[in-house]
Amino acid sequence: MKNPYKPYPVRIKRIEIATEDKSLRTFEFEFINKEDANKFNYMPGQFAELSIPGYGESPIGIASSPTEGENLLFTVFRIGKVTTKLHSMREGEVMGVRGPLGHPYPLGELEGKNIVIIAGGYAVTTLRSTMVWLLHPDNRSRYGKITFIYGARTPGLLLYHDQWRQWQKRDDVDCYITIDREVEGWDGLVGFVPTITEKVSPDPENSVAIICGPPVMIKFTQPVLDKLGWKGEQIIMSLENRMKCGIGICGRCNVGPYYVCKDGPVFTKAELDRLPKEY
Amino acid sequence: MLVEYTKQIQEAAKRLLKEKKVDCVLGYRQGTIPLVDAPYFAYTEEEVDNLIWSSFCTKNLANFLIKRTDRVAVIAQGCVSRSIVGLINENQVKRENVYILGVWSPGMVDRFKVMERVGGREILEAKEEGDKIIVIGEGFEEVIPKKEVLRQNCLTCVHRNAVLYDEFIGEKGEETGGGNRDMVAAPWEKLSIDERWEKFTETFKDCIRCYACRNACPLCYCAECFVDESKPQWCGKTQDEADVYTFHILRAFHCAGRCVDCGACESACPMGIKMRVLTSKIEKDIRQMYDGYEPGMELGAVPPLSVYRPNDPEEFITP
Amino acid sequence: MGYKCLAKDKFSELVEKFTKEQDVFAPIAQGLEVKWSLIDDPSKILFDFKNTSMSPKGLFFPQTECLFEFNNNKDAEDAFILKETSPLVKKRTLLNIRPCDARAFSILDKVFMKDEDSLDVYWKDKRDKTILIGLACTNPCSTCFCTQVNSSPFGEDGLDVLMIDLGDKVVLKDVTDKGEEILKGLEDASDEDIKKVEELKKEAESKINANLSMDNILSREVLEVYEDPFWDRLYETCLNCGACTFYCPTCHCFDIQDETKGDYGRRVRNWDTCMSWLFTQHASGHNPRGTKKHRVRQRFMHKFKYMPIKLDGDIGCVGCGRCIQVCPVNIDVRDVIKNMNK
């Protein structure tokens, strides 16, 4: 019988400082037991509990795509007890990963549609996973137009420079990378994500938007999409709440009757509109 | 229910609401089960009809005043008024926001003592008549002298009348409950260290850490209690003895020199734990070592343990 | 399937049959309280009691339970590798559990063993290895309302055997195959005994006079119940202690914590409570249920609205009335239900 509380042991293979303020680091984990990698069957949008014995667990979205191989990527903001400890750890150290948890973005159902991805700040992690997955040769042809809008306060706070620079070069994706205010040396877009979204004006026809970002970004992007005629069913969001078990039992992460860990973290805007705003 | 008091409280409450002197009146309503009358906010004259005063009003209403920004009239007997004074002194309550309806406390009933008197049988109804409590259950009716089932802190109380009030309801009554207030603390002094530990562990062994004692206490208003802190984590979250005892010891000491012995902690405890065995000893020490200091008696007073004086007594510090 | 009968003076023999190979738990008197306790002397087992102070949920979901242990020495070969704690060694029997408390287990089974991916192995181990022999409730408390929440004083849900106390003897009814096995060899109950059981059942049910309905709660939209103005008053006097949640037989929220002492480390789970503000506090400081009103509402919404949506209509309450008895400020769940059911 599988114990759902038991993490797979992993080794930290690589650590990368992800932002110039050093508040985020990207960790690459490799499974210590090779067979665990096969058991860890995930899709973009899912998350895992990063487990550090002696400190506890922290739920973090998976930033890698299953198309990238067996190792897992997580980009982690240093804020609580577990993430602070994680930031002090070194390559080669052993810890645990428990998951995959939650539902992924419904990419299967979205085949044939245009996809608009709107991301702000470090909420971009599972959208990196999504983009890598969508742009993989096995998958790209099954989707329509792909638009990627991503913003952060400063260039140094943008994650995954290498990835989005590559995406910018491709002709099968419209990539808009923006920063809040002008900075010397930045020749890209300047403006808040809602403003850029308004300029890009994504067409809702046969399209779905996936939005992840800080509450303020979502608050101001919503009216832009409303004006363009987007319906709640077409907008997919990913929620975060405090979690412990990650499997819909321990009772803290619910939004109405649904557990963010088990039934989410992915919800449509239409679903959320019918639920208490407890997130 | 104390009919005459109830009538006078309702009259005053209606008047205050009518004159818009306050936004609401905080008192008690009759409980839905016997022996437990419940804190209640009356916002309208109609709701005032639910207000009562009885010997089953065992919570400390001062607790509900903390951080409120509206104007509240509050029914306060001695201990509650002293808690309000303490909270004003500690900047948790604004004097101008509270209108204190001072009352005399008849002494409140310990429901665990009553349950004991009827051998744990289910009590379906409880009434008070003069100095007697009448409890009725299936096939029994017992008349119990109230004094025999009073909460211990009410028995040993020496300030039954409100000490600070804007108006006093009814006549002032006898200040003391007749008991010896050092009697709870006294046994500790005779016990050896091992015996103390035994008594202490015996007292708290049933604790389920629901924190009803802490949350019922008007002193426990910390934004984040030390047991809840995680960075650093001072106290474990388990039912291990060390974690449970750490909570109770530290909480008791945190209340030293501030506790007015209102008994809300014991009355709130679902397990019937008598945590006042700890706080009473501390209360006594403070009184004896700091020139008879009693918390909550005076606006502007500074609790002895929150200031340092070179000649502070230190006999209680065992090397 | 059928009613069997056993003289009371033979009951100890039945119990001793269990205690030889199993751990037997039953309610016993301890001072004023009735507590669940490991039985060494069958004569201590109570028949004449209302219900245990605390529900027996802790026997399946302990207040503190070690999930894993690990070596906290970073130089050790097995450093930081979590090792599961061992499952129960002995089988167990719970005797004289009340039908309401047994029903709570069948509700919690749906929570702890929802599907393969979220199957709580610690709960399952204890459930699989425990037999539940219930004692029908012939004299419910004034705070009981089991019949109003799909339960009953003679309810069989969650039990292996239901026992009815007829004074000098007990009548036993098998509910599951396990129960049938236990009752094998016992004498059949007489028609007269069965008639008596029916009478006692009717009498017990008639004693529960709470008049509650859940129909509207179930049919109203989530947000409609959530935004009802009555919550604005209900929470006012709540202390946000956890007494109701800890006494509740169906409350099951927990926290997971790591602890270390020298080279020893363990991952433990502890009962938690939705009444605590910390329960939902994000590391960032944001709190989706940051006010007392949020938290009080959550508890009742969870039981009477959310759980039925998730658990095919099962309400997260068995009507045992413990929360009514222990709430320091007399927040009465029956009043809450009436308000939610508007």
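The values are calculated or read from the model by the stated rules, or taken from the named source; none is laboratory data. Every value quoted in this text rests on a predicted model; they were computed, and no experiment measured them. Positions of Cβ are backbone-derived with ideal geometry, glycine not excepted, and every protein chain shown enters the neighbour counts.
Observations
- Scan of the stretch A:17-34 for residues that are among the acidic types (Asp, Glu) and modelled with pLDDT of 95 or more, ordered by number: A:28, A:30
- Options A:151, A:144, A:156; residue that is under 17 Å from the mean Cα position of the chain (by Cα) and in contact (Cβ under 8 Å) with a residue 60 or more places away in the chain: A:151
- In the stretch C:260-295, residue nearest to the chain's Cα centre (by Cα) [restricted to those that are at the interface with chain A (Cβ under 10 Å from one of its Cβ atoms), in a strand (DSSP E or B) and of a type outside the set (Ser, Thr, Tyr)]: C:269
- Answer residue from the stretch B:215-265, given it is within 8 Å of chain C (Cβ to nearest Cβ), closer than 20 Å to residue C:54 by Cβ and not hydrophobic (A, V, I, L, M, F, W, C) and is surrounded by the most Cβ atoms within 10 Å (Cβ to Cβ) among those: B:215
- Any hit, the stretch A:175-197, residues being within 14 Å of another protein chain (Cβ to nearest Cβ) and in a loop (DSSP other than H, G, I, E, B): no
- When residues of the stretch C:224-254 are limited to those that are of a type in the set (A, V, I, L, M) and touching a Pro at 6+ places or on another chain (Cβ under 7 Å), the one nearest to residue C:271 (Cα to Cα): C:243
So that you can scan it fast, the table gives a plain yes or no per residue for (1) part of a loop (DSSP other than H, G, I, E, B); (2) surrounded by fewer than 20 Cβ atoms within 10 Å (Cβ to Cβ); (3) within 14 Å of chain A (Cβ to nearest Cβ):
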| site | (1), (2), (3) |
| --- | --- |
| C:57 | no, no, yes |
| C:89 | yes, yes, no |
| C:102 | no, no, no |
| C:105 | no, no, no |
| C:110 | no, yes, yes |
| C:122 | no, no, yes |
| C:131 | no, no, no |
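- Meets criteria (assigned to a loop (DSSP other than H, G, I, E, B), within 14 Å of chain A (Cβ to nearest Cβ) and buried (at least 16 other Cβ atoms within 10 Å of the Cβ)) for residue C:70: no
- On inspection, residue A:251 passes the criterion of being in contact with a His (Cβ under 9 Å, 6 or more places away or on another chain), at positive phi and either buried (at least 16 other Cβ atoms within 10 Å of the Cβ) or modelled with pLDDT of 95 or more (or both).
- Selection of the stretch B:298-319 for residues being in contact (Cβ under 8 Å) with a residue 60 or more places away in the chain and either buried (at least 16 other Cβ atoms within 10 Å of the Cβ) or not assigned by TED's automatic domain parsing to the domain that holds residue B:210 (or both) yields only B:303.
- Taken together, C:228, C:312, C:272, C:332 contain a single residue that is acidic (Asp, Glu) and under 23 Å from residue C:140 (Cα atoms), which is C:332.
- Condition met for residue C:227 (over 14 Å from residue C:341 (Cβ atoms) and in the same structural domain as residue C:342 (by TED's automatic domain parsing)): yes
- Residue within the stretch A:251-269 that is in contact with a helix residue (DSSP H, G or I) (Cβ under 6 Å, 6 or more places away or on another chain) and more than 14 Å from chain C (Cβ to nearest Cβ) present: yes
- Boolean, residue B:231 is in contact with an Asp or Glu (Cβ under 8 Å, 6 or more places away or on another chain), within 30 Å of residue A:79 (Cα to Cα) and free of Cβ contacts under 8 Å to residues at least 60 places away in the same chain: no
- Neighbours by Cβ (under 7 Å, 6+ apart or cross-chain): first from the stretch B:11-27, in the same structural domain as residue B:99 (by TED's automatic domain parsing); second part of a helix (DSSP H, G or I) and among the aromatic types (Phe, Trp, Tyr): B:26/B:64
- Of all residues in the stretch C:203-222, those that are out of contact with any Leu (no Cβ under 7 Å at 6 or more places or on another chain) and surrounded by 12 or more Cβ atoms within 10 Å (Cβ to Cβ) total 12.
- For the stretch C:304-335, a residue qualifies if it is closer than 13 Å to residue C:150 by Cβ, surrounded by fewer than 24 Cβ atoms within 10 Å (Cβ to Cβ) and not acidic (Asp, Glu), and the qualifying residues are C:304, C:307, C:308, C:311, C:313, C:315.
- Qualifying residue in the stretch A:84-91 (condition: out of contact with any strand residue (DSSP E or B) (no Cβ under 9 Å at 6 or more places or on another chain), within 14 Å of chain C (Cβ to nearest Cβ) and not in a loop (DSSP other than H, G, I, E, B)): yes
- Of residues in the stretch B:156-214 being within 14 Å of another protein chain (Cβ to nearest Cβ) and assigned to a loop (DSSP other than H, G, I, E, B), the one farthest from residue B:60 (Cα to Cα): B:205
- Yes/no for residue C:40 being exposed (fewer than 13 other Cβ atoms within 10 Å of the Cβ), free of Cβ contacts under 8 Å to residues at least 40 places away in the same chain, not assigned by TED's automatic domain parsing to the domain that holds residue C:167 and not in a strand (DSSP E or B): no
- Extreme residue, nearest to the chain's Cα centre (by Cα), among residues of the stretch C:162-217 that are β-branched (Val, Ile, Thr) and over 24 Å from residue C:313 (Cβ atoms): C:164
- Residue in the stretch A:248-260 that is in the same structural domain as residue A:275 (by TED's automatic domain parsing), closer than 23 Å to residue A:121 by Cβ and in contact (Cβ under 8 Å) with a residue 24 or more places away in the chain present: yes
- Strands (runs of 3 or more DSSP E) contained entirely in the stretch B:37-141, each with at least 3 residues that are surrounded by 21 or more Cβ atoms within 10 Å (Cβ to Cβ) and either within 14 Å of chain C (Cβ to nearest Cβ) or under 20 Å from the mean Cα position of the chain (by Cα) (or both): B:38-42, B:72-76, B:98-102
- For the residues A:24, A:73, the requirement of being of a type in the set (A, V, I, L, M), touching a residue at least 12 places away in the same chain (Cβ under 8 Å) and closer than 30 Å to residue C:76 by Cβ singles out A:73.
- Which numbered condition residue A:58 fails, given (1) part of a strand (DSSP E or B); (2) farther than 26 Å from residue B:229 by Cβ; (3) of a type in the set (Gly, Ala, Ser): (2)
- The condition of being crowded, with 17+ Cβ neighbours inside 10 Å, out of contact with any Leu (no Cβ under 8 Å at 6 or more places or on another chain) and farther than 25 Å from residue B:179 by Cβ holds for only one of B:209, B:287, that being B:209.
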